[in-house]
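Structure first, then comments.
The values are calculated or read from the model by the stated rules, or taken from the named source; none is laboratory data. No experiment lies behind these values; they were computed from the predicted model shown. All Cβ positions, even for glycine, are placed from backbone atoms using ideal geometry, and neighbour counts span all protein chains on display.
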Amino acid sequence: MTSRERMETVLRGGRPDRIPFVPSIYEHGAALIGASPSEASRDPDLMARAAIESYRCYGHDLVTVGIDIYNIEAEAFGCPVRRFTDSSIPAVEDHPLGATVRLDPSGLALPREGGANRLGLIVDACRTVMREVGRETMVYACMGGPFSQAVELRGFERLVADLLETPDAVRGLLEKTTALSIAHALRLSESGVGVNIYESWATLPLISPAIFRDFVVPYEKRIVQAVRGRFSTPGPALIMGGDTSALIDLFIEAGSSLVVADYMTDFAFMRTRLAAAGSSMVIRGCLDPKRIERGDWAGLAGPIRALARKARGLDAYVWGSGCVPLSTPRENLLRFKQMCLSADPDAEDPGL
């Protein structure tokens, strides 16, 4: 099977020739082509080259396009982004809606592709990657989700207070971030790529399950339905860390095609709930990227073994990691890949 065929098989609930390998590679790709994250984040050709070179180096089964993945939509709405000449990742440095005591999103204009923002840049980079490697491997674009965009615009502490004091104002803000998310997701989907929607600000215990249910799921669901209603590209995936097993019913309701789970996650509960819902949602086992960076093979062996045991007999499963640090040696990520693909759930120290 090619990488694309392997992921297509998994996403439709079939059994591939082997478990796919899907690490999260963003700024590390920039390092592979000798560019800084800030340089690659502003140049569609460099961003595309970073994703393509990563695939050529590691042969992973799903390529993600992006560098500073939480900044694009927030920047388009007016968040200033600081860039660097070194290896630091570009970062939002101010919250445009954070200066007032009461949240008022009424004056927030809905940005469109073009002008000073980078929405079109991401689309262009994705098209290039699709032309180069799209026949071989699945390609996904990255975007910040509506809730995480709202956090960047307002500031986390202020937005949490708003959820209690002025929830209607928060909903008004989420209507705007969702409108941008839908428009951007549709533009990306037109190029044939899948869409990863990142909502790390919605991770437990940063917010409660009730907030996730009321202020995250309804808006994610609209994005998923908009894309699936028009395109046959892979369904959007809602990406976040934390205890995702506690939210699995809400992931199902949102329609996510994939859920991230680390080795501590309750797979048994997730599998029961997914089976009851008739869902083919993929579980991506997620390992600590800092251990990969420093080559902590003994520290990785136990979690890999634990995930292999939990995923035994599960077709809708892929190996993965958190965001691979920029300075990770190539040989370390290649060794990690081999450890995952050769993992025996009954072995004491797989891959060592």
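See the values below:
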| item | result |
| --- | --- |
| Any hit, the stretch 212-228, residues being within 17 Å of ALA275 (Cα to Cα) and crowded, with 21+ Cβ neighbours inside 10 Å | no |
| From TYR26, TYR58, TYR70, residue being more than 30 Å from ALA343 (Cα to Cα) and either surrounded by fewer than 24 Cβ atoms within 10 Å (Cβ to Cβ) or not β-branched (Val, Ile, Thr) (or both) | TYR70 |
| Within the stretch 207-217, considering residues that are part of a helix (DSSP H, G or I) and of a type in the set (Val, Ile, Thr), the one farthest from MET7 (Cα to Cα) | ILE211 |
| Selected residue (only one of ALA125, ALA91 is in contact (Cβ under 8 Å) with a residue 12 or more places away in the chain, within 30 Å of ARG6 (Cβ to Cβ) and out of contact with any His (no Cβ under 8 Å at 6 or more places or on another chain)) | ALA125 |
| Among (1) in contact with a Lys or Arg (Cβ under 6 Å, 6 or more places away or on another chain); (2) closer than 26 Å to TYR26 by Cβ, the one test that ALA202 misses | (1) |
| Count of the stretch 218-259 residues which are outside any loop (DSSP other than H, G, I, E, B), free of Cβ contacts under 8 Å to residues at least 60 places away in the same chain, touching a Ser or Thr at 6+ places or on another chain (Cβ under 8 Å) and more than 12 Å from ALA202 (Cβ to Cβ) | 7 |
| Residue check for TYR26: aromatic (Phe, Trp, Tyr) and farther than 25 Å from SER200 by Cα | no |
| Matching residues, the stretch 100-119, being more than 15 Å from ALA169 (Cβ to Cβ), surrounded by fewer than 17 Cβ atoms within 10 Å (Cβ to Cβ) and either without any contact (Cβ under 8 Å) to a residue 40 or more places away in the chain or touching a Pro at 6+ places or on another chain (Cβ under 7 Å) (or both) | ALA109, GLY114, GLY115, ALA116 |
| Any hit, the stretch 86-93, residues being loosely packed, with under 14 Cβ neighbours inside 10 Å, more than 23 Å from ALA51 (Cα to Cα) and either at pLDDT 95 or above or among the charged types (D, E, K, R) (or both) | yes |
| Complete set of residues in the stretch 189-205 that are assigned to a helix (DSSP H, G or I), crowded, with 23+ Cβ neighbours inside 10 Å and of a type in the set (D, E, K, R) | none |
| Cβ pairs under 8 Å, 6+ apart, first in the stretch 165-180 and on the phi < 0 side of the Ramachandran plot, second loosely packed, with under 15 Cβ neighbours inside 10 Å and aliphatic (A, V, I, L, M) | LYS176/LEU110; ALA179/LEU110; LEU180/LEU110 |
| Qualifying position, being part of a loop (DSSP other than H, G, I, E, B), more than 27 Å from VAL63 (Cα to Cα) and touching a Phe, Trp or Tyr at 6+ places or on another chain (Cβ under 9 Å), among LEU110, LEU103 | LEU110 |
| Whichever residue in the stretch 166-188 is of a type in the set (Val, Ile, Thr), part of a helix (DSSP H, G or I) and touching a Leu at 6+ places or on another chain (Cβ under 8 Å) and, among such residues, is surrounded by the fewest Cβ atoms within 10 Å (Cβ to Cβ) | VAL170 |
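This table checks each residue for (1) closer than 21 Å to LEU62 by Cβ; (2) without any contact (Cβ under 8 Å) to a residue 12 or more places away in the chain; (3) within 24 Å of the chain's Cα centre (by Cα); (4) in a helix (DSSP H, G or I).
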{"residue": "ILE292", "(1), (2), (3), (4)": "yes, no, yes, yes"}
{"residue": "ARG312", "(1), (2), (3), (4)": "no, no, no, no"}
{"residue": "ASP315", "(1), (2), (3), (4)": "yes, no, yes, no"}
{"residue": "GLY320", "(1), (2), (3), (4)": "yes, no, yes, no"}
{"residue": "PRO325", "(1), (2), (3), (4)": "yes, no, yes, no"}
{"residue": "THR328", "(1), (2), (3), (4)": "yes, no, yes, no"}
{"residue": "LEU334", "(1), (2), (3), (4)": "yes, no, yes, yes"}
{"residue": "ALA343", "(1), (2), (3), (4)": "yes, no, no, no"}
